[in-house]
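Written out below as structure tokens is the structure these notes cover.
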Amino acid sequence: MRFTCFLCFALFTATIFAQTNSLNGTTFDANNVPLGGVNVIVSGQNNGAISDFDGNFTLNGVSIGDVLEFSYIGFDTRQITISNFNDLTIVMQENAESLDEVVVVGYGTQTKKELTGAVSVVSSATIDELKPTQIEQALQGQVSGVQITNQSGAPGSASNIRIRGISTNGDNRPLILVDGNVIEDLSVVNPSDVASITVLKDATAGIYGVRAANGVILITTKTGRKNSEVKFDFGTYFGYQQTTRKLPALSATDYALLVNESFAANGEALPFPNVAGLGAGTDWQDEVFENAPISNTTLTVTGGGEKSSTSFGVAYLTQDGIVGGKRANFDRFNARLNYNLDVLENLKINSSVLFSGTTRKALSENALGSVLFNALNMAPTFSVRDENNRFTLAEGLGNEVINPVHQIKNTFNENRVRKLSGAFGATYNFLKYFEAQGRIQANYAEVRGYSFNPIAFYGSGKVFNNDREVKTEYSHLFRDYTFDAFIKYKRTFNEAHNLDVTLGTSVFQTTGRFTSFTAFDISRDTRVADAPEVINNFQNGGNIFDSRLLSYFARAQYNYKEKYLFSAVVRRDGSTKFGPENKFGIFPSGSVGWVLSEESFLNDNSTIDFLKLRGSYGILGNDRIPDYRFVSLLNGEGVYVINDELVFGIATGAISNPEIQWEEQKSLNVGVDARLFNNRVTLAADYFNRTTTNLLVAPEVSGILGPTAPGSSAPIVNAGDVRNQGFEFQIGYFGDISKDVKFNINYNVTTLDNEVLKVNNGTGIIQGGSFGVGQDPPSRMETGFPIGYFYGYTTDGIFQTQEEVDAHPSQLALGANAQPGDIRFADVNGDGVINPDDRSYIGDPIPDITMGLNLSLDIKNFDFQMYIFSSIGNEIVRNYERNQARTNRTTYYLDRWTGAGTSTEFPRATTGATSNAVFSDFYVEDGSFVRAQNMQLGYTFSQKLLNSEQIDSFRIYASVSNVFTLTKYRGYDPAASSGAPIGGGIDFGFYPTPRTYLLGLNLKF
Amino acid sequence: MKSNRALGFFVLGMVLFTVISCSDDFVEVDSNDPNSEAFFNTEQDYQDALIGAYDMLQSTYINVMLGEIASNNTLAGGESATDVIGIQQIDDMIHTPVNQQLRDIWGWMYAGVNRANFILEFQDNLEFEGKAAVLAQARFLRAYYYFELVKWFGDVPLVVDKRFVFGDQFEVDRTPKAAVYAQIEEDLIFAAANLPYVQAETGRITKGAAQALLGKAYLFQNKFSEAASVLENLIQNGPHALLTDYTNMFENDNENTVESVFEVQYTDLEGAGFGCLQCSEGNVAVGFNGIRNYTGPTFESGFSFNVPTQEIFNLFEAADVRRAVAILDIDAWAAETGATFSVGFEHTGFYNRKYISRQGDLNTGDANLTNPNNYRSIRYADVLLMAAEALNRGNIDDNRARGYLNQVRERAGLDATDLGGSALTDAIFLDRRLELVGEGHHFFDLVRTGRAGSDIDGFVPGKHEVFPIPSIEIELAGNRWQQNPGY
């Protein structure tokens, strides 16, 4: 009771000493709409007010010369000195780039000015302009240090988000929190619900301890405002998508000539004795690519009473695929409700509920025998259907190449996700300086779906031929909750010492169950459960998981007059992923900042408005490994045939390692922020160095332990160090040529140097990825090289003559002796022998430099935006060629070697045995590119034109995304990657990101 | 207002409560799956673990395939010179310590050893009726896997009645071959003593299987009298006999016959994929050996590996019924039936007919990997020929040796032989090759009898008798093991 009395006393004394002058005023937003809920504080006094529903406020006891401070989240803070007692009209500007902009950091907020970490923010304005179908696309090219690559351009497919490089060869995904709630799958988030995205890139993410090593992305959804009218925001767009690129595959005539030549070279009969009349043949890419529609509609309603605010949104997106059309459809429905209530002046509760439902159908992609792989390799001499109107069989093209149109027609699957997320929090302020917060966030998701494989015959010997109908149905449940509780103490001493201390705990538990059954010989419409015989796909267990985290954290932030900034964090995490010895880890981090522009020597500088130096260092953790790997479980596969029937026994699962412990990342960041020329120029530069040690990996392990048994796998061990270092630089310029012409330019660049420092698994090498058929893994992790670099032979031109061949060491160890016209491999180690020891570094998929350039221009009611990003120095492996005697090829084969002096780059065509298909730099291409990601032209109708009291704003726009890409890469999409740390950057015919044309409108009323 | 204030206190209280109350045992959770350290509590547990140990038998398809390809019976074949490079190199005797298929054998056989040892590690946990038979099967399996390991690699790390666990790989050394054989013999003697000749369930290991494998292990060590003794014991007391008709011996409806002493069981009831060939319940070798892009009667498509040479085709006498069963002349077959096929790498015109894909199975996907053809690991004909060899080479009794050989020859439609001495030895060798062609024995028969150097192109005596231990396996064990000589 004592502190309540104290509060009363404080209020009472404030009243006693008040003077009698009062002041009235109204607050508006930039559109002259009254803005309620604005905080008005008399600077340095315990006096203040909040504007009401109509924006009105009254201050008592003010005197001339008092400074009033108007603040509201999302708006620039304004200061006004009272010169008279006339009514005030205050227009608040929405802040995008203000120093007082509040940035969400872990378990709290800070102003940009106070930040000591490397933190980037993407605002809702940017998201509105980019119109991403998936929220993570809004980060592409926007934020330095963040690299987004698409796993595929198929609707609903995921992106890889990498913050400051690849730090582990396990899971590199950052921690993503939506309003504090862990959301791993961003495809369920409606981008138009998002108010801001904050990316924590350095050790200041340490407040999230063990989950912070890959960086943290905090997504805040839109909330309503107190004291505001009910407002509607309606948006819709529709458009269509098309492929950005078709590869120049050979026409039927060129193809037939090439095939003839290769058969002749091996002394075989010509398969196409009569080439005349073949013409262009079938363009298989035309057969599989189509223009696909996309549409999206959103409605947001916001409003607020005196003590509450509400925001409600619904959205529906549907998108067909440019390959497969409806068979690659993705649709998404979202509904969201946020409700905040001030129960008491010092007790506030907030709540939100999100529902999302997505349905996705998918085709085989980026694999041997995927649709685009087949479209590129299918012979153009074949028609889609034969004379009996049956799909043409892809005879003679190797076992993996089949008719892609037939393949699409036989693809049946659907994956439905229903997810309900809820968050509830309460904040209680007490004892003046204290605040207690408790919040619980929970997710419940059901993932259901099926796949059906009909009986199919694609040609003799095809691996996709199917004699039995197979249907698999699955239903997975995922549940998790996070409970956070923390107490803050925030106080300013002597108007100079600002202290903010947070102490808290966080509990996380995720549980779930996988269920999947398969049945044979049933129709597509039959439920698997109704089949006579059903196979349980989780026969060996492993279908229930329960993993938990228990964390305590403490943070102290101190600054002296917002000039010298200090912050320190320590977090202790306990995880179920580790054995009793290593369950708990402690992760400290600290950061400092120095706002030079507050110093007297810069105080009056007319050029420099703001200048801050900052640095951070800390240890972050990573526990992203599968559960229970410290104990030997019997969830392997032990199945044998007794009495001609399957008998299910037990066997050891993954090899256990009781000693596994946290992966640790030492993260250093040094940066500078500046604003120049009346805040027109904003600058930020950072150097970062992240060294991950005790890498949690599952490298190959001695076979005597049995890791290659069915259902088993290698143990997780702490075996390796990786360093990512680089520079980030961001510059922005805001200009207004006249009142009607404004523009904005933002440019960012990130350099990245990735180097593996140690691999201590015994061999010093971890391999991965695949190339061709049956070849050694092409990607490696090895000391001194970038993680996942390409390891293969170096080529040295083409043998022109037999003398050259004879003078060169034998290439037999690579598969066949060379002949003129074959690739000449370099004797890299100079031992006079060409053998596997001559393989070496021939590229890596990690870009050296990534850049983003964003332009916006407003001329009167027109607005124009353009977003460009670029990636330089990443290599891609061309692996969409099947290299069979009769598979099709792209036109560069027209430049093949056909006799001495004809080519020094492209080998001869032959059906005979050669080593030309062995993984070498012939298959590694420069994947650098520049992509115009989005161009948009909008027109906002003026109030005059609208002539309506009801409509606040009305804008129409046209936009094109993925406008063009400049690249030397021969494949579909240089921006695509599987995202695998070892084995990424290998192109089996990526589903390219489509070019999308949209028309849309936004209506606010 | 009072209730609101109470709510405030409630929030505060909840926050404090959580901070204080959540203790560290929140993160101690047991898995839902059984822990291997606390498993053997019922008889069923032993039976389940035994099935797990049996499972690795199915992965020996690669041993069988490569044992044939390494010999002079067949060529690697496949799609091209680089199709499964490890197989191609073994065929050409240019294999190196970098060879994925050798590594598969190494890893899969040790997985089998560990699964068998898992049962034996905990053999004293529980007493129940029939436990001796369970342990006998486990010990047979351990012997079977170790026999493969010594055949392929010579000296190999030996572990008895315990699993290798993480960390052991940096401590354990290669055990001399003789000691491994001693353990194999001990295990098989125990198995033979504790198993019946006839099991109620087909597929189970029998006393006969243990005796036959023991005889074979003796023969591989040139212990002729021990070999002869145990093999003749089996011949006299066991239930086995030659099938009168050789022609359909390898068809699907002729599995687990009276001639089958030990048979690895396969089925088409479960699907499989290339990502985990050892997980297949089918005989992967059959699809690999199958006719490339085949369309026609009787057979199905495959990958054209393991193709017989003209030499082995020519070696059969005209009257020998076994040639048409063992070797498919694809051109003749195509001419006769109108079947079509395409020509793979090293096409000889012949296919390993005993183990190529046939029609009539379920073709569960991937159909190439789920062929149900059981592998006739030890046939009675093999037992007879081994007994004959032991008796002859051990100078024990050429008469009995000739008798056993002639049983096999007569069944093949050939005249009985009346040879003796070294001529009889050669006749046994020849008939052994013809009788068992395509079944994965020939390379090791050549090696153990010292004939590989003269018969196999590229074979270097003193080197190629054993295969190299995959160099990565040496590295992963801490770089302490000596590589086999010559590699």
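Which residue out of A:ALA932, A:ALA917, A:ALA885 is closer than 16 Å to A:ALA265 by Cα and among the aliphatic types (A, V, I, L, M)?
A:ALA885
Take B:LEU385 and decide whether it is under 26 Å from the mean Cα position of the chain (by Cα), more than 16 Å from B:LEU243 (Cβ to Cβ) and not small (Gly, Ala, Ser).
On the way: under 26 Å from the mean Cα position of the chain (by Cα): yes; more than 16 Å from B:LEU243 (Cβ to Cβ): no; not small (Gly, Ala, Ser): yes.
Criteria not met by B:LEU385.
Identify all residues within segment B:176-204 that are free of Cβ contacts under 8 Å to residues at least 40 places away in the same chain and within 14 Å of another protein chain (Cβ to nearest Cβ); write none if there are none.
B:VAL180, B:GLN199, B:ALA200, B:GLU201
Tell me the residue from A:ASP776, A:ASP844, A:ASP827 that is within 23 Å of A:GLU875 (Cβ to Cβ), outside any strand (DSSP E or B) and at pLDDT below 90, please. Outline the logic, then answer.
Values: A:ASP844 fails: at pLDDT below 90; A:ASP827 fails: at pLDDT below 90.
So the residue among A:ASP776, A:ASP844, A:ASP827 that is within 23 Å of A:GLU875 (Cβ to Cβ), outside any strand (DSSP E or B) and at pLDDT below 90 is A:ASP776.
State whether the residues of segment B:340-348 include one that is of a type in the set (S, T, N, Q), modelled with pLDDT of 95 or more and within 23 Å of B:HIS441 (Cα to Cα). Break it down stepwise before answering.
We begin by selecting, within segment B:340-348, every residue of a type in the set (S, T, N, Q); these are B:340, B:342, B:348.
Going one step further and asking which of them are modelled with pLDDT of 95 or more, we end up with B:348.
From what is left, the residues that are within 23 Å of B:HIS441 (Cα to Cα) are B:348.
Yes, there is a match, as at least one residue in segment B:340-348 is of a type in the set (S, T, N, Q), modelled with pLDDT of 95 or more and within 23 Å of B:HIS441 (Cα to Cα).
Got a sec? Which of B:VAL307, B:VAL325 is part of a strand (DSSP E or B), within 23 Å of the chain's Cα centre (by Cα) and within 30 Å of B:TYR380 (Cα to Cα)? Steps first, answer last, please.
Numbers: B:VAL325 fails: part of a strand (DSSP E or B).
None of the others qualify; the one that does is B:VAL307.
Being closer than 24 Å to A:GLY156 by Cα, of a type outside the set (S, T, N, Q) and either within 14 Å of another protein chain (Cβ to nearest Cβ) or assigned to a strand (DSSP E or B) (or both) is the requirement here; does A:VAL314 meet it? Reasoning before the result, please.
Working: closer than 24 Å to A:GLY156 by Cα: yes; of a type outside the set (S, T, N, Q): yes; either within 14 Å of another protein chain (Cβ to nearest Cβ) or assigned to a strand (DSSP E or B) (or both): yes.
The answer is yes for A:VAL314.
Please go through segment A:500-526 and give me each residue that is part of a loop (DSSP other than H, G, I, E, B) and either modelled with pLDDT under 90 or away from chain B (no Cβ under 11 Å) (or both), ordered by number.
Initially, segment A:500-526 is screened for residues part of a loop (DSSP other than H, G, I, E, B), giving A:514-515, A:521-526.
A:PHE514, A:THR515, A:ILE522, A:SER523, A:ARG524, A:ASP525, A:THR526, listed by residue number.
Report, by residue number, each residue of segment A:460-476 that is more than 8 Å from every other protein chain (Cβ to nearest Cβ) and of a type in the set (Gly, Ala, Ser).
If the condition is that a residue be more than 8 Å from every other protein chain (Cβ to nearest Cβ) and of a type in the set (Gly, Ala, Ser), then A:SER475 is the only one that fits.
Return the residues of segment A:716-728 that are within 22 Å of A:ALA685 (Cβ to Cβ) and either out of contact with any Phe, Trp or Tyr (no Cβ under 8 Å at 6 or more places or on another chain) or buried (at least 21 other Cβ atoms within 10 Å of the Cβ) (or both); say none if nothing qualifies. Spell out the reasoning first.
If we filter segment A:716-728 for residues that are within 22 Å of A:ALA685 (Cβ to Cβ), which is where we start, we get A:723-728.
Residues satisfying the conditions are A:ARG723, A:ASN724, A:GLY726, A:GLU728.
Tell me, yes or no, whether segment B:132-147 has at least one residue that is at pLDDT 95 or above and either basic (Lys, Arg) or outside any helix (DSSP H, G or I) (or both). Working first, answer last.
Taking segment B:132-147 and keeping what is at pLDDT 95 or above, we get B:132-147.
Those still in the list that are either basic (Lys, Arg) or outside any helix (DSSP H, G or I) (or both) too: B:139, B:142.
Yes, there is a match, as at least one residue in segment B:132-147 is at pLDDT 95 or above and either basic (Lys, Arg) or outside any helix (DSSP H, G or I) (or both).
On the given criteria, is B:VAL29 within 8 Å of another protein chain (Cβ to nearest Cβ), free of Cβ contacts under 8 Å to residues at least 60 places away in the same chain and of a type outside the set (Ser, Thr, Tyr)? Steps first, answer last, please.
Numbers: within 8 Å of another protein chain (Cβ to nearest Cβ): yes; free of Cβ contacts under 8 Å to residues at least 60 places away in the same chain: yes; of a type outside the set (Ser, Thr, Tyr): yes.
Yes, satisfied.
Could you check segment A:148-247 for strands (runs of 3 or more DSSP E) lying wholly inside it with 1 or more residues that are out of contact with any Asp or Glu (no Cβ under 6 Å at 6 or more places or on another chain) and among the aromatic types (Phe, Trp, Tyr)?
A:228-242
Can you tell me which residues in segment B:444-465 are basic (Lys, Arg) and in contact with a helix residue (DSSP H, G or I) (Cβ under 8 Å, 6 or more places away or on another chain)? Lay out the reasoning, then the answer.
Within segment B:444-465, the subset basic (Lys, Arg) is B:448, B:451, B:463.
Correct list: B:ARG448, B:ARG451.
For segment A:33-47, which residues satisfy the criterion of being surrounded by fewer than 21 Cβ atoms within 10 Å (Cβ to Cβ) and modelled with pLDDT of 80 or more?
Selection gives A:ASN39, A:ILE41, A:VAL42.
Using beta carbons and a limit of 9 Å, which pairs, at least six apart or on different chains, have the first residue in segment B:104-132 and more than 11 Å from chain A (Cβ to nearest Cβ) and the second one outside any helix (DSSP H, G or I) and among the aliphatic types (A, V, I, L, M)?
Every condition considered, the pairs that remain are B:LEU120/B:VAL160; B:ALA132/B:LEU195.
Listed residues A:THR133, A:THR116; which is buried (at least 21 other Cβ atoms within 10 Å of the Cβ), out of contact with any Asp or Glu (no Cβ under 8 Å at 6 or more places or on another chain) and either farther than 19 Å from A:ASN669 by Cβ or not hydrophobic (A, V, I, L, M, F, W, C) (or both)?
Of the residues listed, the single one that is buried (at least 21 other Cβ atoms within 10 Å of the Cβ), out of contact with any Asp or Glu (no Cβ under 8 Å at 6 or more places or on another chain) and either farther than 19 Å from A:ASN669 by Cβ or not hydrophobic (A, V, I, L, M, F, W, C) (or both) is A:THR116.
Restricted to segment A:116-132, and to residues that are outside any helix (DSSP H, G or I), modelled with pLDDT of 80 or more and within 24 Å of the chain's Cα centre (by Cα), which residue is nearest to A:THR223 (Cα to Cα)?
Step one: list which residues in segment A:116-132 are outside any helix (DSSP H, G or I), which gives A:116-123, A:131-132.
Within this subset, residues satisfying the condition of being modelled with pLDDT of 80 or more are A:116-123, A:132.
Subsequent filtering for residues that are within 24 Å of the chain's Cα centre (by Cα) retains A:117-123, A:132.
Working: A:GLY117: 26, A:ALA118: 26, A:VAL119: 22, A:SER120: 21, A:VAL121: 18, A:VAL122: 17, A:SER123: 14, A:PRO132: 20 Å.
Selected residue: A:SER123.
Among the residues that make up segment A:577-589, is at least one of them more than 14 Å from chain B (Cβ to nearest Cβ) and crowded, with 22+ Cβ neighbours inside 10 Å?
First pass over segment A:577-589, keeping only residues more than 14 Å from chain B (Cβ to nearest Cβ): A:587-589.
Now restrict to residues that are crowded, with 22+ Cβ neighbours inside 10 Å: A:587, A:589.
For segment A:577-589, residues more than 14 Å from chain B (Cβ to nearest Cβ) and crowded, with 22+ Cβ neighbours inside 10 Å: present.
Scan segment A:189-198 and give yes if some residue there is under 19 Å from A:ASN689 (Cα atoms) and more than 13 Å from the chain's Cα centre (by Cα), otherwise no. Write out each step before concluding.
As a first pass, look at segment A:189-198 and keep what is under 19 Å from A:ASN689 (Cα atoms): none.
Within segment A:189-198, not a single residue is under 19 Å from A:ASN689 (Cα atoms) and more than 13 Å from the chain's Cα centre (by Cα).
Do you know which residues across segment A:820-840 are buried (at least 16 other Cβ atoms within 10 Å of the Cβ) and within 14 Å of chain B (Cβ to nearest Cβ)?
Of segment A:820-840, the ones buried (at least 16 other Cβ atoms within 10 Å of the Cβ) are A:820-828, A:834-835, A:838-840.
A:ASP822, A:ILE823, A:PHE825, A:ILE834, A:ASN835, A:ASP838, A:ARG839, listed by residue number.
Considering only residues that are small (Gly, Ala, Ser) and more than 7 Å from chain B (Cβ to nearest Cβ), look in segment A:530-553 and name the one that is surrounded by the most Cβ atoms within 10 Å (Cβ to Cβ). Break it down stepwise before answering.
Just the residues of segment A:530-553 that are small (Gly, Ala, Ser), to begin with: A:531, A:541-542, A:547, A:551.
Now drop any that are not more than 7 Å from chain B (Cβ to nearest Cβ), which leaves A:531, A:547, A:551.
Numbers: A:ALA531: 19, A:SER547: 19, A:SER551: 26.
If we take residues in segment A:530-553 being small (Gly, Ala, Ser) and more than 7 Å from chain B (Cβ to nearest Cβ), then A:SER551 is surrounded by the most Cβ atoms within 10 Å (Cβ to Cβ).
Please go through segment A:698-715 and pick out each residue that is touching a strand residue (DSSP E or B) at 6+ places or on another chain (Cβ under 8 Å) and either surrounded by 24 or more Cβ atoms within 10 Å (Cβ to Cβ) or facing chain B (nearest Cβ under 10 Å) (or both).
Correct list: A:PRO699, A:GLU700, A:VAL701, A:PRO710.
Could you check segment B:195-251 and list, in sequence order, the residues that are of a type in the set (Phe, Trp, Tyr) and within 19 Å of the chain's Cα centre (by Cα)?
Here is the first cut: in segment B:195-251, the ones of a type in the set (Phe, Trp, Tyr) are B:197, B:218, B:220, B:224, B:246, B:250.
Within segment B:195-251, B:TYR218, B:PHE220, B:PHE250 meet the criteria.
Each row is one residue, and each column tells you yes or no for (1) within 30 Å of B:PHE274 (Cα to Cα); (2) within 26 Å of the chain's Cα centre (by Cα).
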{"position": "A:GLY703", "(1), (2)": "yes, no"}
{"position": "A:GLY706", "(1), (2)": "yes, no"}
{"position": "A:VAL722", "(1), (2)": "no, yes"}
{"position": "A:ILE737", "(1), (2)": "no, no"}
{"position": "A:LYS758", "(1), (2)": "no, no"}
{"position": "A:ILE765", "(1), (2)": "yes, no"}
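Somewhere in segment B:149-156, is a residue within 14 Å of chain A (Cβ to nearest Cβ) and in contact with an Asp or Glu (Cβ under 7 Å, 6 or more places away or on another chain)?
No, segment B:149-156 contains no residue that is within 14 Å of chain A (Cβ to nearest Cβ) and in contact with an Asp or Glu (Cβ under 7 Å, 6 or more places away or on another chain).
Could you tell me whether any residue of segment A:631-645 is within 14 Å of chain B (Cβ to nearest Cβ) and under 29 Å from the mean Cα position of the chain (by Cα)?
Taking segment A:631-645 as the starting set, the residues that turn out to be within 14 Å of chain B (Cβ to nearest Cβ) are A:631-645.
Filter once more, so that each one left must be under 29 Å from the mean Cα position of the chain (by Cα): none.
Checking segment A:631-645: not a single residue is within 14 Å of chain B (Cβ to nearest Cβ) and under 29 Å from the mean Cα position of the chain (by Cα).
Across segment A:53-81, which residue is surrounded by the fewest Cβ atoms within 10 Å (Cβ to Cβ) among those that are among the acidic types (Asp, Glu) and modelled with pLDDT of 80 or more?
Taking segment A:53-81 as the starting set, the residues that turn out to be among the acidic types (Asp, Glu) are A:54, A:66, A:69, A:76.
In the following step, the residues that additionally are modelled with pLDDT of 80 or more were identified as A:66, A:69.
Numbers: A:ASP66: 18, A:GLU69: 15.
Looking at the filtered set, the residue picked out is A:GLU69.
The values are calculated or read from the model by the stated rules, or taken from the named source; none is laboratory data. Owing to the predicted nature of the structure, the values given are computational and were not obtained by experimental measurement. All Cβ positions, even for glycine, are placed from backbone atoms using ideal geometry, and neighbour counts span all protein chains on display.
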